[in-house]
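Single-structure report; data block below.
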There are 2 protein chains.
Amino acid sequence: MTCDFNRILADLDWSKQPKRLYEPIGYALSAGGKRVRPQLCLLGAATVSGEQVVMGHVLPAALALEIFHNFTLLHDDVMDKAQVRRGRPCVHIRWDENTAILSGDQMLIEAYKMLSGVPADKLAECLRLFNEMATGICEGQQLDMDFETREDVTLDDYREMIRLKTAVLLATALRMGAYIAGADAAMQQTLYEIGIHIGIAFQIEDDLLDCYGDEKTFGKAIGGDIREGKKTFMLLTAERLKGGHIAVKGQPLEDVLALYDSLHVKEVAVAAIHEETAAAIAKLHQLPDTAARQTLIEMANKLQQRIQ
Amino acid sequence: MTCDFNRILADLDWSKQPKRLYEPIGYALSAGGKRVRPQLCLLGAATVSGEQVVMGHVLPAALALEIFHNFTLLHDDVMDKAQVRRGRPCVHIRWDENTAILSGDQMLIEAYKMLSGVPADKLAECLRLFNEMATGICEGQQLDMDFETREDVTLDDYREMIRLKTAVLLATALRMGAYIAGADAAMQQTLYEIGIHIGIAFQIEDDLLDCYGDEKTFGKAIGGDIREGKKTFMLLTAERLKGGHIAVKGQPLEDVLALYDSLHVKEVAVAAIHEETAAAIAKLHQLPDTAARQTLIEMANKLQQRIQ
């Protein structure tokens, strides 16, 4: 059960007028990527229906989630003053900030338009799940920004922030797909929790790759989080191990990485990723034995392998 | 049939965490204003149901439209680099740009949350109308920004821009209220067209007040459109009367107003407002004779009186 979301997204028509509103949407959606969220939505449905998934029922939700995700990237890049996204200039660099704000707003509206294509009897609940997810993302992004100027952020605060900012979208993707395919509340909940574990693992990995990744495959410059003073898993773990606040903003990247190395922060991050992945896989084994479940187990395992 | 929307909006709880995400939403929604959009939604319903309007059915749509409208003001003020809104600092001045972007995004999501409270059997169509309206607003805002750097904008281009940017929201408010109250397609269409006429009159009046208004009642500085080089009804009419492009950006306000006076631009604007209002009132007379219709006629007439 796979689907070429890059092709489907490329086939959407963004050549409409006014050009400057829609062209950046097409640009943002054509940057590629693994399309994890729509795949998870489809896999959520397939854990219920197996090979009998009705694509026309699930696709509107899957695409709405991917469009929403790319909307958040667009606005986050403005807020973070990022330069590069997936190896290409960010929308606010390629065009300007106003374009990024307005085209981003339209992307959010396009996500809702897409979502309204789910089966009529599922619309109200899908909209409710979507709104709850979208609210979580905004709250997570706000916490992330709040943390930049706070010195008392704990790993528990961090976990709540990435749960909202990253994990609820993956969890909602799995759950919404399953809901559309007819899953009961218990199965929806299990899939949601699997998504949370995968999402947290995913974000810790992202934090780790910001320090130790390869710029080419990572798609952006190494050390961005450190330069911006982001409260990452790496920094908060280093602070916990050192027993006090560490000011990284403005410090040379090599010095910060040397400190992290001396504290074995990377090993702690790898262990945390393993732990979350194991929790996800344990829950996956509670689901019926389907090809979709097997694919999800493989996805979770692949996540671990990227950082070994 | 009236409703204290200022009180209802003030009673919504924006004291949630994270504070910096929700507090600006409460700030933006507490600025007052005439609450024209939710009133129109209610009046649209009342043209169908008379005094029998079920508030619980219409209120979610009315509030969703008002929250959406205030979201657009919040992001527009960032894009226009405005300082003051309804006599108070704009959100991006009172806080900062990132806060205005993210709280604005959350406001848009809150509008969809509110909208999902309409009766279940009306949700799909309300969502469709809302999405179409929201898209129109973004397209109108983009055209408005595009026009700033264009010298070939005609009054027809302008009309299409303000139809999208201003009028479709008023038209959708009237129509959605009527739809929820059970109006047939023809009556919905008549109310939509009334909203378009009122909206266009409203926007031309706004352009006129930017030149000749009282700063206190207008709530913002006079001449803002001229300073920003906006293609307003005033400027485009002056260009048409003078028969060529007029560069107003950077010119002293008095000089531009003296030029407008010499060309009698104000009189042309007043005539255009009268024409649109008359068209709205003519269509209002096609509706059943209700108290709501009478209120709408009075609202349209009041619009004219403000600028005499």
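The values are calculated or read from the model by the stated rules, or taken from the named source; none is laboratory data. What you see is a predicted model; the values in this text were computed from it and never measured. As a convention, Cβ positions derive from the backbone with ideal geometry for all residues, glycine included, and neighbour counts pool all protein chains shown.
B:Phe71 versus (1) over 23 Å from the mean Cα position of the chain (by Cα); (2) within 19 Å of B:Thr99 (Cβ to Cβ): which is the lone unmet condition?
Answer for B:Phe71: the failing condition is (1).
When residues of region B:257-276 are filtered for being touching an Asp or Glu at 6+ places or on another chain (Cβ under 9 Å) and of a type outside the set (Val, Ile, Thr), how many remain?
Number satisfying all stated conditions: 1.
Would you confirm, using the coordinates I've provided, whether A:Asp80 is surrounded by fewer than 24 Cβ atoms within 10 Å (Cβ to Cβ), within 30 Å of A:Gln142 (Cα to Cα) and charged (D, E, K, R)?
yes
Being within 22 Å of A:Glu151 (Cβ to Cβ) and touching a residue at least 12 places away in the same chain (Cβ under 8 Å): is that true of A:Thr237 here?
Yes: the conditions hold for A:Thr237.
Scan region A:108-120 residue by residue and report those that are part of a helix (DSSP H, G or I) and at the interface with chain B (Cβ under 7 Å from one of its Cβ atoms).
If the condition is that a residue be part of a helix (DSSP H, G or I) and at the interface with chain B (Cβ under 7 Å from one of its Cβ atoms), then A:Leu108, A:Ile109, A:Tyr112, A:Lys113, A:Ala120 are the ones that fit.
Kindly evaluate A:Gly26 against the criterion of being within 23 Å of B:Ala134 (Cβ to Cβ), away from every other protein chain (no Cβ under 14 Å), without any contact (Cβ under 8 Å) to a residue 24 or more places away in the chain and assigned to a helix (DSSP H, G or I).
So A:Gly26 passes the test.
Report, by residue number, each residue of region B:269-292 that is more than 30 Å from B:Val53 (Cα to Cα), surrounded by fewer than 19 Cβ atoms within 10 Å (Cβ to Cβ) and among the hydrophobic types (A, V, I, L, M, F, W, C).
Residues satisfying the conditions are B:Val270, B:Ala271.
Kindly provide the set of residues from region A:158-168 that are more than 10 Å from chain B (Cβ to nearest Cβ) and either over 24 Å from B:Leu127 (Cα atoms) or surrounded by fewer than 18 Cβ atoms within 10 Å (Cβ to Cβ) (or both), ordered by number.
Result: A:Tyr158, A:Arg159, A:Glu160, A:Ile162, A:Arg163, A:Lys165, A:Thr166, A:Ala167.
Could you tell me whether any residue of region A:264-272 is within 30 Å of A:Ala186 (Cα to Cα), modelled with pLDDT of 95 or more and within 24 Å of the chain's Cα centre (by Cα)?
There is at least one residue in region A:264-272 that is within 30 Å of A:Ala186 (Cα to Cα), modelled with pLDDT of 95 or more and within 24 Å of the chain's Cα centre (by Cα).
I need the full set of residues from region A:28-57 which are farther than 15 Å from A:Ile180 by Cα and in contact with a Lys or Arg (Cβ under 7 Å, 6 or more places away or on another chain), in order please.
Result: A:Ala31, A:Gly32, A:Gly33.
Per-residue answers, yes or no, for (1) of a type in the set (Asp, Glu); (2) closer than 11 Å to B:Ala173 by Cα; (3) free of Cβ contacts under 8 Å to residues at least 24 places away in the same chain:
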site: B:Ser15; (1), (2), (3): no, no, yes
site: B:Ala31; (1), (2), (3): no, no, no
site: B:Lys34; (1), (2), (3): no, no, yes
site: B:Glu51; (1), (2), (3): yes, no, no
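Exactly one condition in (1) at the interface with chain A (Cβ under 10 Å from one of its Cβ atoms); (2) more than 23 Å from B:Leu21 (Cα to Cα); (3) buried (at least 19 other Cβ atoms within 10 Å of the Cβ); (4) free of Cβ contacts under 8 Å to residues at least 40 places away in the same chain is not met by B:Ala171; state its number.
Of (1) at the interface with chain A (Cβ under 10 Å from one of its Cβ atoms); (2) more than 23 Å from B:Leu21 (Cα to Cα); (3) buried (at least 19 other Cβ atoms within 10 Å of the Cβ); (4) free of Cβ contacts under 8 Å to residues at least 40 places away in the same chain, only one is false for B:Ala171: (1).
What is the number of the single condition among (1) surrounded by fewer than 21 Cβ atoms within 10 Å (Cβ to Cβ); (2) modelled with pLDDT of 95 or more; (3) more than 18 Å from A:Phe71 (Cβ to Cβ) that A:Gly26 does not meet?
A:Gly26 satisfies all of (1) surrounded by fewer than 21 Cβ atoms within 10 Å (Cβ to Cβ); (2) modelled with pLDDT of 95 or more; (3) more than 18 Å from A:Phe71 (Cβ to Cβ) except (3).
Taking into account only those residues within region A:204-257 that are within 20 Å of the chain's Cα centre (by Cα) and among the acidic types (Asp, Glu), which is surrounded by the most Cβ atoms within 10 Å (Cβ to Cβ)?
Out of the qualifying residues, it is A:Asp207.
Take the residues in region A:151-188 that are part of a helix (DSSP H, G or I) and out of contact with any helix residue (DSSP H, G or I) (no Cβ under 8 Å at 6 or more places or on another chain), then tell me which one is farthest from A:Ala64 (Cα to Cα).
Result: A:Asp156.
Tell me which residues, restricted to region A:121-157, are more than 9 Å from every other protein chain (Cβ to nearest Cβ), farther than 27 Å from A:Ile226 by Cα and in contact (Cβ under 8 Å) with a residue 24 or more places away in the chain.
The answer is A:Lys122, A:Glu125, A:Cys126, A:Leu129, A:Met133.
Collect the residues in region B:174-214 that are of a type in the set (Asp, Glu) and either over 14 Å from B:Leu40 (Cβ atoms) or free of Cβ contacts under 8 Å to residues at least 60 places away in the same chain (or both), keeping them in residue-number order.
B:Asp184, B:Glu205, B:Asp206, B:Asp207, B:Asp210, B:Asp214
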